[in-house]
Amino acid sequence: MKKILYILAMGVLVGAGSSCKKIDNYDAPNVTLTGSVVDATTGAGIQTEQGSGTRIKLLEISYTANPTPFYISSMQDGTFTNTKLFAGTNVISAEGPFVPMVQTDDAGKTIVDESQTVQIKNTTTVTFKVHPLLRVEWVGTPTFNADGTITAQVKFTRGTDDPNFQQDISDVYLFVNATKYVGNNNYDNRYSQQITYDGSAGNAAAGTTITITTKGGPMPGKRDYFIRVGARTNYGLKYYNYTDVKTVAAP
Amino acid sequence: MKKYTYIIVSVLICWVSACKKLDVAPLNIVQDKDVFTTAGGIQAYMSRIYSELPIEDFRYSPQRGLNFFWIISPFPAVTGEALSRDQNGAMQENVDGLNPSTWSLCYKAIRDANYFMETLPQYASNYTPDQVNSWLGEARFIRAATYFALVKRYGGVPIIEKVQTYPGSTIDELNVPRTSEEKVYDFIAADLDYAYTNMSDANQVGRANKYVAAGFKSRAMLYAGSIAKYNTTTLVDKDGNRLCGIPSSKAITYFKAAYDAAALLDGHYSLYKNSWAAGDKTAQFNNYVNMFFDAKSAENVFVRQYHYPESVHGYDAYNVPRQLMGANGYSSEVNPTLNFVELFDGIPKNADGTIKTTTGGKYDLYTNTMDLFANAEPRLRATVILPGDQFKGVNIEIRRGIYTGSSAGGISPLLPAGSTSNYPTTNIVQSSNATQEPYTLPDGSKMNPAGLSGVFTGDQTDAISGFSVRKWLVPDKPTSEVLENRSDQTWIELRYAEVLLNRAEAAYELNALGQADKDYLTDAFTQINAIRERAGADLLTGTGGLTVNVVRNERRKELGFENKIWWDMRRWRTADKEQNSTVYRVLMPFYSANDKKYFFDARTDERNARYTFDVRWYYEQIPQGEIAKSAVLIQNPGY
């Protein structure tokens, strides 16, 4: 009796082990897509926050006309890289704190389409030239004050002439963090300072030099702080436009 | 040979005669003819659809979704109405953690309503035409209310008007794309208009009648109008359907629809004033408390009933003050913020509207903690348990600690204004939990550092904001019954007060948009004052005092803890400004040992819980599984 059981079990095992010859022998994804999102006027990378800022939208149209979008998050300086993609034809565009690359009118007709159709293979590089909603620039160098706070001066200007994307400016934010990853998704809320504007009050501030000082009293010394200023308008998802990250050393 | 003949004949006889009817309906499944041929069957069908109706009641939290018993991340702790130890920031409704998702629950309810509408006419001969029309109207109401739950979350959604069957239709037919947000609101309005026309004046408690349909319409149209006016997000599909956003030119149309629908309830419902008396704050307070428990209240437009032990919730168990905690060990999940309390009248205030606790840089001293609230608006007392107020016959004792420092020349603020730091430990005695070590006062008597209901620095199972919620708590429930799944008070989903507030807001917005076919501003003024009079609040003296914030704050005060405010903050598009790295404020009562008196410190939440509303959440994320299932479903922006 036991012998029969063993034979049966053996048979099942052998059967299970030898069937399913067809293994998944499709090559692992090994194609690299890299590139950057830059200001069409100045050529500088569009500063953003990592994860919740600029993202690259890929529509892989090799197999269907209506694919589910695939997104790649951009890095803080507006560059992006993904080294694990499949080769194929993609319609690529970017979403972020700039005039949308694909715009539709109220009837759903596409009126602007700056997305690029690209054959992705080996290492493919794509550059997007866009118009930021706001340009935020440092004025001078941020300073560490005697009372232990940091003061920064910035200036923001409109990055586009299109009145459809010149909504009211809602706020300017001095973000402070202990690492170089700093922005609205990642900041020390004890020190970071926000200036908000009601209604259209902020529009007059465009082009002027704005001085912001950190809040919350003196910051602990003997270390570096990473600071960055963001400003945004009431457009859409209210992305921030940023300056680049500067390091301030606390004595 | 003969043998074979017999065999063949007997086989033929058996084969032909046996099992004549194989295709019989399964006997263990209730059939349409059993349900739809009697009024009782229809009542049973309705009972189930109503239980599926997606309303945010005692059994809803954004963390765990609809119809879930465990409510420890309560909705008010997401909006800033309250703080809870189990909720540390803003959130949108849990998307991928809910199984089934709100999306799929809604479409299930819609299918049940559609099935009812398609099946009932086949059995119409059993009833009078009035009965049939009324029931069809009721099904339309259910469908509209469910679509409203979808549109307020996701914007434009697929409209399914007929029961989908498979097989019987192709996959392409079953893949329905999203409709524009505007069309969904129009669809809701059409369903509710049908319901209003066809339903009768009265129905069983817990079921809709024609005025319930009108009341829901006033709510839905107000949302639509607000989105037309305040939304800035756009999402248009390739056929030109605007899935997110409504053209601003439609704002007037929708606000008018909201106004007109609200006016339909005029004379059929009224504000609850059974034990109200002019000028008598105690009577007004009792009246406001009783309103939530009087089954005959003329203010209840639409309710969901509960009954122990078949259909229950645990509101009392989760939210009683700490000192009245039940055997499950839950308490104090909803602790109103000072921001909420400061909206009300009758408390001393500074010029900027914040509560006044100091004079000339020194704390004001009070013999009892309730002295600060001696003139408080009755509605505030009926909504919030203030420190030292009575509940279930005991004083709810809320004290942060004992101040042991010198009081000569007055006590200076413990912390600089706006500080988020911890309190200094010198000169303050405090408790980390309910097991307290009494402190000996200078006169030799003993006193616990913290009150019986908090505030404890360690476990936070107490009034962490200095307040505890009173609204909905049964005032005479014995502590032995303060248990999970033991509460069965009725949820009032739509009160006439909300209808008046809808009307006032629509009227205010119409006036702001330059409409003058009626005196809208005076109408808004009248409705707001009716609400305020019943509440025992200060009345507006003229239409000049009406601002958009007055209208909105009246809503916050009247409908606080009724799970409505989050949706309001979203449709006003103010949530991202209100919750922008925001720390809500609390009021901490201290006892000064040397003065033998209390003082209050208003400060930010000691836990430093920061609330930030992500702008994307104005349109919630459609569950990823639904996007993957359908080839034509488009995700909302930013997800």
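The values are calculated or read from the model by the stated rules, or taken from the named source; none is laboratory data. Everything numeric in this text was worked out from a predicted model, so none of it was measured. With ideal geometry, Cβ positions are generated from the backbone for all residues, glycine too; neighbour counts draw on all protein chains shown. Surface areas here come from the heavy atoms of the whole protein model, side chains and all, with no ligands, DNA or RNA. Shrake-Rupley method; radii C 1.70, N 1.55, O 1.52, S 1.80 Å.
Go through the stretch A:194-211 and give me each residue that's within 14 Å of another protein chain (Cβ to nearest Cβ), over 24 Å from the mean Cα position of the chain (by Cα) and surrounded by 15 or more Cβ atoms within 10 Å (Cβ to Cβ).
Within the stretch A:194-211, A:197, A:202 meet the criteria.
Count, please, the residues in the stretch A:110-146 that happen to be within 14 Å of another protein chain (Cβ to nearest Cβ) and either loosely packed, with under 12 Cβ neighbours inside 10 Å or in contact with a Gly (Cβ under 9 Å, 6 or more places away or on another chain) (or both).
The number of residues fulfilling the criteria is 2.
Restricting to the stretch B:188-221, name every residue that is assigned to a helix (DSSP H, G or I) and of a type in the set (D, E, K, R).
Quick first cut of the stretch B:188-221, residues assigned to a helix (DSSP H, G or I) only: B:188-198, B:210-221.
Once the filter is applied, which keeps residues that are assigned to a helix (DSSP H, G or I) and of a type in the set (D, E, K, R), the stretch B:188-221 yields B:191, B:193, B:210, B:217, B:219.
Condition first: open to solvent by less than 10 Å² (accessible area, probe 1.4 Å) and not polar (S, T, N, Q). Now tell me which residues in the stretch B:441-467 satisfy that. Outline the logic, then answer.
The initial filter retains those residues of the stretch B:441-467 that are open to solvent by less than 10 Å² (accessible area, probe 1.4 Å), namely B:449-451, B:453-456, B:462-463, B:465-467.
Passing the criteria: B:449, B:450, B:451, B:454, B:455, B:456, B:462, B:463, B:466, B:467.
Listed residues B:89, B:97; which is over 30 Å from residue B:190 (Cα atoms), part of a loop (DSSP other than H, G, I, E, B) and touching a Phe, Trp or Tyr at 6+ places or on another chain (Cβ under 6 Å)?
Working: B:97 fails: touching a Phe, Trp or Tyr at 6+ places or on another chain (Cβ under 6 Å).
After ruling out the rest, the residue left standing is B:89.
Test of understanding: among A:62, A:52, which residue is open to solvent by 30 Å² or more (accessible area, probe 1.4 Å), within 14 Å of chain B (Cβ to nearest Cβ) and in contact (Cβ under 8 Å) with a residue 24 or more places away in the chain? Please lay out each step first, then the result.
Numbers: A:62 fails: within 14 Å of chain B (Cβ to nearest Cβ).
Sole residue among the options that is open to solvent by 30 Å² or more (accessible area, probe 1.4 Å), within 14 Å of chain B (Cβ to nearest Cβ) and in contact (Cβ under 8 Å) with a residue 24 or more places away in the chain: A:52.
For residue B:262, are the conditions met, namely being modelled with pLDDT of 95 or more, outside any loop (DSSP other than H, G, I, E, B) and within 14 Å of another protein chain (Cβ to nearest Cβ)? Explain how you work it out, then say what you get.
Numbers: modelled with pLDDT of 95 or more: yes; outside any loop (DSSP other than H, G, I, E, B): yes; within 14 Å of another protein chain (Cβ to nearest Cβ): no.
Against the criterion (modelled with pLDDT of 95 or more, outside any loop (DSSP other than H, G, I, E, B) and within 14 Å of another protein chain (Cβ to nearest Cβ)), residue B:262 does not qualify.
Spot the failing condition for residue A:107; the list is (1) within 18 Å of the chain's Cα centre (by Cα); (2) surrounded by fewer than 19 Cβ atoms within 10 Å (Cβ to Cβ); (3) within 14 Å of chain B (Cβ to nearest Cβ), and only one is missed.
So the condition that residue A:107 fails would be (1).
Which residues, taken from the stretch B:579-594, are open to solvent by 10 Å² or more (accessible area, probe 1.4 Å) and under 24 Å from residue B:404 (Cα atoms)?
Residues of the stretch B:579-594 open to solvent by 10 Å² or more (accessible area, probe 1.4 Å): B:580-585, B:591, B:594.
Residues satisfying the conditions are B:591, B:594.
Counting just the residues of the stretch A:70-104 that are of a type in the set (D, E, K, R) and buried (at least 17 other Cβ atoms within 10 Å of the Cβ), which one comes out nearest to the other protein chains (Cβ to nearest Cβ)? Don't jump to the end; show me each part of the working.
In the first step, residues of the stretch A:70-104 are kept if they are of a type in the set (D, E, K, R); the result is A:77, A:84, A:95.
Filter once more, keeping what is buried (at least 17 other Cβ atoms within 10 Å of the Cβ): A:77, A:95.
Working: A:77: 21, A:95: 8 Å.
Going through the qualifying residues, I end up with A:95.
Which residue is surrounded by the fewest Cβ atoms within 10 Å (Cβ to Cβ), if the candidates are limited to the stretch B:478-519 and must be closer than 30 Å to residue B:331 by Cβ and of a type in the set (S, T, N, Q)?
Here is the first cut: in the stretch B:478-519, the residues closer than 30 Å to residue B:331 by Cβ are B:478-495, B:497-498.
Filter once more, so that each one left must be of a type in the set (S, T, N, Q): B:479-480, B:485, B:487, B:489-490.
Numbers: B:479: 14, B:480: 9, B:485: 15, B:487: 23, B:489: 17, B:490: 21.
Top of the filtered list is B:480.
Mind checking which residues of the stretch B:374-395 are open to solvent by less than 10 Å² (accessible area, probe 1.4 Å) and closer than 11 Å to residue B:281 by Cβ?
Passing the criteria: B:376, B:377, B:378, B:379, B:380, B:382.
Determine which member of the set A:156, A:226, A:175 is more than 13 Å from chain B (Cβ to nearest Cβ), buried (at least 21 other Cβ atoms within 10 Å of the Cβ) and closer than 30 Å to residue B:639 by Cβ. Break it down into steps so the answer makes sense when it comes.
Numbers: A:226 fails: buried (at least 21 other Cβ atoms within 10 Å of the Cβ); A:175 fails: more than 13 Å from chain B (Cβ to nearest Cβ).
A:156 is the lone residue from the list that is more than 13 Å from chain B (Cβ to nearest Cβ), buried (at least 21 other Cβ atoms within 10 Å of the Cβ) and closer than 30 Å to residue B:639 by Cβ.
Residue-by-condition table, conditions (1) open to solvent by 50 Å² or more (accessible area, probe 1.4 Å); (2) within 14 Å of chain A (Cβ to nearest Cβ); (3) part of a loop (DSSP other than H, G, I, E, B):
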{"position": "B:399", "(1), (2), (3)": "no, no, yes"}
{"position": "B:402", "(1), (2), (3)": "no, no, no"}
{"position": "B:409", "(1), (2), (3)": "yes, no, yes"}
{"position": "B:415", "(1), (2), (3)": "no, yes, yes"}
{"position": "B:422", "(1), (2), (3)": "yes, yes, yes"}
{"position": "B:426", "(1), (2), (3)": "yes, no, yes"}
{"position": "B:436", "(1), (2), (3)": "no, no, yes"}
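Yes or no, residue by residue, for (1) within 20 Å of residue B:75 (Cβ to Cβ); (2) touching a helix residue (DSSP H, G or I) at 6+ places or on another chain (Cβ under 9 Å); (3) open to solvent by 20 Å² or more (accessible area, probe 1.4 Å):
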site: B:309; (1), (2), (3): no, no, yes
site: B:338; (1), (2), (3): yes, no, no
site: B:355; (1), (2), (3): no, yes, no
site: B:358; (1), (2), (3): no, no, yes
site: B:368; (1), (2), (3): no, no, yes
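When the residues of the stretch B:578-608 are narrowed to those that are assigned to a loop (DSSP other than H, G, I, E, B) and within 11 Å of chain A (Cβ to nearest Cβ), which ends up farthest from residue B:410 (Cα to Cα)? Even if it seems obvious, please write down each step before you answer.
Of the stretch B:578-608, the ones assigned to a loop (DSSP other than H, G, I, E, B) are B:579-581, B:583-584, B:593-596, B:605-608.
Keeping just the survivors that are within 11 Å of chain A (Cβ to nearest Cβ) gives B:580-581, B:583, B:608.
Numbers: B:580: 36, B:581: 34, B:583: 29, B:608: 28 Å.
Out of the qualifying residues, it is B:580.
Condition first: within 14 Å of chain B (Cβ to nearest Cβ) and surrounded by fewer than 21 Cβ atoms within 10 Å (Cβ to Cβ). Now tell me which residues in the stretch A:159-169 satisfy that.
Here is the first cut: in the stretch A:159-169, the residues within 14 Å of chain B (Cβ to nearest Cβ) are A:164-169.
Of everything in the stretch A:159-169, those that are within 14 Å of chain B (Cβ to nearest Cβ) and surrounded by fewer than 21 Cβ atoms within 10 Å (Cβ to Cβ) turn out to be A:164, A:165, A:166, A:167, A:168.
So, in the stretch A:235-251, how many residues would count as being out of contact with any Pro (no Cβ under 8 Å at 6 or more places or on another chain), open to solvent by less than 40 Å² (accessible area, probe 1.4 Å) and within 14 Å of chain B (Cβ to nearest Cβ)?
Number satisfying all stated conditions: 1.
Counting only residues that are of a type in the set (Asp, Glu) and out of contact with any helix residue (DSSP H, G or I) (no Cβ under 9 Å at 6 or more places or on another chain), how many does the stretch B:518-532 have? Show your work before the answer.
Going through the stretch B:518-532, the residues of a type in the set (Asp, Glu) turn out to be B:519, B:523.
This time we only want the ones that are out of contact with any helix residue (DSSP H, G or I) (no Cβ under 9 Å at 6 or more places or on another chain), so: none.
Selection size over the stretch B:518-532: 0.
Looking only at the stretch B:250-302, count every residue that is under 25 Å from residue B:477 (Cβ atoms) and of a type in the set (Phe, Trp, Tyr) and tell me the total.
Counting residues in the stretch B:250-302 that are under 25 Å from residue B:477 (Cβ atoms) and of a type in the set (Phe, Trp, Tyr) gives 7.
Being touching a Phe, Trp or Tyr at 6+ places or on another chain (Cβ under 8 Å) and assigned to a strand (DSSP E or B) is the filter here; which residues of the stretch A:121-143 pass it? If you could, list the steps in order and put the result at the bottom.
The initial filter retains those residues of the stretch A:121-143 that are touching a Phe, Trp or Tyr at 6+ places or on another chain (Cβ under 8 Å), namely A:130-137.
Once the filter is applied, which keeps residues that are touching a Phe, Trp or Tyr at 6+ places or on another chain (Cβ under 8 Å) and assigned to a strand (DSSP E or B), the stretch A:121-143 yields A:130, A:132, A:134, A:135, A:136, A:137.
I'd like the full set of residues that are hydrophobic (A, V, I, L, M, F, W, C) and touching a residue at least 24 places away in the same chain (Cβ under 8 Å), limited to the stretch B:179-208.
Narrowing the stretch B:179-208 to residues hydrophobic (A, V, I, L, M, F, W, C): B:184, B:187-190, B:192, B:195, B:199, B:202, B:205, B:208.
Listed by number, the residues that qualify are B:184, B:187, B:188, B:189, B:192, B:195, B:199, B:205, B:208.
Yes/no matrix, rows are residues, columns are (1) more than 21 Å from residue B:524 (Cα to Cα); (2) out of contact with any helix residue (DSSP H, G or I) (no Cβ under 8 Å at 6 or more places or on another chain):
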| site | (1), (2) |
| --- | --- |
| B:154 | yes, no |
| B:199 | yes, no |
| B:213 | yes, no |
| B:232 | yes, yes |
| B:246 | yes, no |
| B:256 | no, no |
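Just to be sure, is residue A:33 free of Cβ contacts under 8 Å to residues at least 60 places away in the same chain and not charged (D, E, K, R)?
Values: free of Cβ contacts under 8 Å to residues at least 60 places away in the same chain: no; not charged (D, E, K, R): yes.
The answer is no for residue A:33.
Mind checking which pairs have a first residue in the stretch A:156-179 that is polar (S, T, N, Q) and a second that is assigned to a strand (DSSP E or B) and modelled with pLDDT under 90, Cβ under 8 Å, 6 or more apart or different chains?
A:177/A:186; A:179/A:186
Could you run through the stretch A:212-223 and say how many residues are within 9 Å of chain B (Cβ to nearest Cβ) and surrounded by 15 or more Cβ atoms within 10 Å (Cβ to Cβ)?
Start the filter on the stretch A:212-223 by keeping residues that are within 9 Å of chain B (Cβ to nearest Cβ), which leaves A:215-217.
Then drop every residue that is not surrounded by 15 or more Cβ atoms within 10 Å (Cβ to Cβ), which leaves A:215-216.
Going through the stretch A:212-223 one residue at a time, the tally reaches 2.
Quick one: which of A:22, A:84, A:57 is over 30 Å from residue A:136 (Cα atoms) and at pLDDT 90 or above?
A:84
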